[in-house]
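Q: Take this structure, written in structure tokens, and hold onto it; I'll ask about it next.
The values are calculated or read from the model by the stated rules, or taken from the named source; none is laboratory data. Just so it is clear, the model here is predicted, and its values are computed rather than measured. Counting neighbours? That spans all protein chains shown, and the Cβs are built from the backbone with ideal geometry, glycine included.
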Amino acid sequence: MEFNSLFFVFIWLPVFVLAAYLTKNQPFYKYILFLFSCGFYILSDVKHFPLLAGMVICTYLFGILVSKRKNSYFLYLFIAVIFLSFFKYGNYVLNHFSSYFSASPLRLVMPAGISFYVFTAISYVSDCFYGTVSAEKDIVLLTDHLTFFPTVISGPIHRYGDFKKYMEEPCINTDSIANGMRRFVLGLGKKTLIANQMAVIVNKVFSADTELSFLLAWYGLVALVLQMYYDFSSYSDMAIGIAKMIGYRVPENFDHPYLATSFSEFWKKWHISLTNWFRNYVYIPLGGNRVSLLRWMRNMLIVWLLTGIWHGSTFNFVIWGLYNCFILIFERKVFRVGNPFLGWIITMVLIAGGWLIFKTSSLTQLLVFVKALAGRGSPLNMFYIRSLDILYLLPFVLVAGVLLFVPLVRISEAVKERFSVLYDVFLLALLIMSVVFIISGSYSAFIYFGF
């Protein structure tokens, strides 16, 4: 089940919010969250629900154990990493070895949200280890946190200390529901009206069965850059909106990253919860930047290799992690552009290059794209471009590009305060348009569902 499905928008979500509102001051409120969170995952990936349940039980037991025996923390990390690695990289290993024995390739299906709920679980046990939170004795509360359905599939990653404070006194009222609905509709609009349209262009250009021309390559790359932001941020908007409806604050995940004037600033604004996770639980324990230059470079290398590997098992993700690591080290220790506008242009070029590495499935495809982008691709063939049936989406690309420079959330808050009725009418129109696009078949799964 996905947030941009009609069943979720018009049945699941309203029933959940109503149930949460009616039981907010009741001792069994936690069971409402439990039922809806577990139910959401079962409807999304029923056959892998036992794995999620096993991870919850393991995390619960180790949280208690770590508070008594610190050394058990490292055993838990080993178990969690092996568990995650088996499903994320098992196919690569199994298929590699099966080729030596002429056996049929095996295929593991990755459980939905495994990367996110394992990282959420690690953060909880790590906080128990460092004394940031006390081990939770109520397994239902911990299950609510680890399976919290707005975030269990694709984040944002949130910490147990914040969730526990909320559960002690849920603050659900008509204002929180209204504000959460507004944020949810904004995210739904970004997904259905922009991200899904960019996906059509990206899928056709990156699966083109001929060499790319200069214009087609740039058209596909621009659409990819836009898709990455609108797809990732729209899910976060919807997750934050759902949490707001029940009075819980999930951390912001994107802060207009494409307005960054340096590469390091971009990574402070992009997928903030994941960046903070690696900083808090990998980078800082390794010594952070309060070490010698060589050790700092080692720390950066470890963090970015893990970041790349976390996203996927293919080699392009490793290259993508090393690419980001090299640029950040170079920018911090060698050269940084002083002019903000020039810095923004260079940053956008570097970001686009990173997403190209992220998306391409082979070195050959990457080189074809780079060659075409440099003007050395195939001759312009308008008949071929028209046959892809993507030129009609050019207005969507232009609108999406313009909106990158508009702080939508901040402007929406300001407009809501001054013109609340008109703003809600606009959101209603946006919801209707989104539903029309969903019904018309304009559907594309969230990119991070693959991680």
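Q: For the stretch 280-328, name all the residues that are assigned to a loop (DSSP other than H, G, I, E, B) and within 25 Å of Thr120 (Cβ to Cβ).
A: Ile284, Pro285, Leu286, Gly287, Gly288, Gly312, Ser313, Thr314, listed by residue number.
Q: In the stretch 92-129, which residues are modelled with pLDDT under 80 and either on the phi > 0 side of the Ramachandran plot or polar (S, T, N, Q) (or both)?
A: Matches in the stretch 92-129: Asn95, Ser98, Ser99, Ser102, Ser104.
Q: Here are the criteria: (1) assigned to a loop (DSSP other than H, G, I, E, B); (2) under 27 Å from Phe49 (Cα atoms). Tell me which single one Asp127 does not satisfy.
A: Asp127 satisfies all of (1) assigned to a loop (DSSP other than H, G, I, E, B); (2) under 27 Å from Phe49 (Cα atoms) except (1).
Q: For the stretch 72-90, which residues satisfy the criterion of being in contact (Cβ under 8 Å) with a residue 24 or more places away in the chain and within 23 Å of the chain's Cα centre (by Cα)?
A: Leu77, Ala80, Phe83, Leu84, Phe87, Lys88, Tyr89
Q: Mind checking which residues of the stretch 250-280 are under 22 Å from Ile346 (Cα atoms) and β-branched (Val, Ile, Thr)?
A: Thr261, Ile272, Thr275
Q: Within the stretch 417-451, how many residues turn out to be part of a helix (DSSP H, G or I), buried (at least 17 other Cβ atoms within 10 Å of the Cβ) and modelled with pLDDT under 85?
A: Qualifying residue count, the stretch 417-451: 3.
Q: How about the stretch 354-370: which of its residues are surrounded by 13 or more Cβ atoms within 10 Å (Cβ to Cβ), of a type outside the set (D, E, K, R) and part of a helix (DSSP H, G or I)?
A: Of everything in the stretch 354-370, those that are surrounded by 13 or more Cβ atoms within 10 Å (Cβ to Cβ), of a type outside the set (D, E, K, R) and part of a helix (DSSP H, G or I) turn out to be Gly354, Trp355, Leu356, Ile357, Phe358, Gln365, Leu366, Val368, Phe369, Val370.
Q: Anything in the stretch 112-142 that is aromatic (Phe, Trp, Tyr), under 12 Å from Val66 (Cβ atoms), in contact (Cβ under 8 Å) with a residue 40 or more places away in the chain and out of contact with any Gly (no Cβ under 7 Å at 6 or more places or on another chain)? List them, or say none.
A: Listed by number, the list holds a single entry, Phe129.
Q: On to the next question. Does Phe383 satisfy the criteria of being aromatic (Phe, Trp, Tyr) and either at pLDDT 90 or above or outside the structural domain of Trp270 (by TED's automatic domain parsing) (or both)?
A: Judged against the criteria, Phe383 is not a match.
Q: Which residue out of Ile246, Ile194, Ile240, Ile172 is buried (at least 19 other Cβ atoms within 10 Å of the Cβ) and more than 17 Å from Pro150 (Cα to Cα)?
A: So the residue among Ile246, Ile194, Ile240, Ile172 that is buried (at least 19 other Cβ atoms within 10 Å of the Cβ) and more than 17 Å from Pro150 (Cα to Cα) is Ile194.
Q: Name every residue in the stretch 289-312 that is surrounded by 14 or more Cβ atoms within 10 Å (Cβ to Cβ) and among the charged types (D, E, K, R), in order of residue number.
A: Arg295, Arg298
Q: Also, quick follow-up: If I ask for residues that are over 20 Å from Thr120 (Cβ atoms), free of Cβ contacts under 8 Å to residues at least 40 places away in the same chain and small (Gly, Ala, Ser), which ones from the stretch 18-71 would you list?
A: Passing the criteria: only Ala19.
Q: Answer with yes or no whether Glu252 is in contact with a helix residue (DSSP H, G or I) (Cβ under 9 Å, 6 or more places away or on another chain), in the same structural domain as Arg332 (by TED's automatic domain parsing) and assigned to a helix (DSSP H, G or I).
A: no
Q: While we're looking at this one, here's another question. Please verify whether Ile351 is free of Cβ contacts under 8 Å to residues at least 12 places away in the same chain, assigned to a helix (DSSP H, G or I) and within 25 Å of Gly401 (Cα to Cα), treating the condition exactly as stated.
A: Against the criterion (free of Cβ contacts under 8 Å to residues at least 12 places away in the same chain, assigned to a helix (DSSP H, G or I) and within 25 Å of Gly401 (Cα to Cα)), Ile351 does not qualify.
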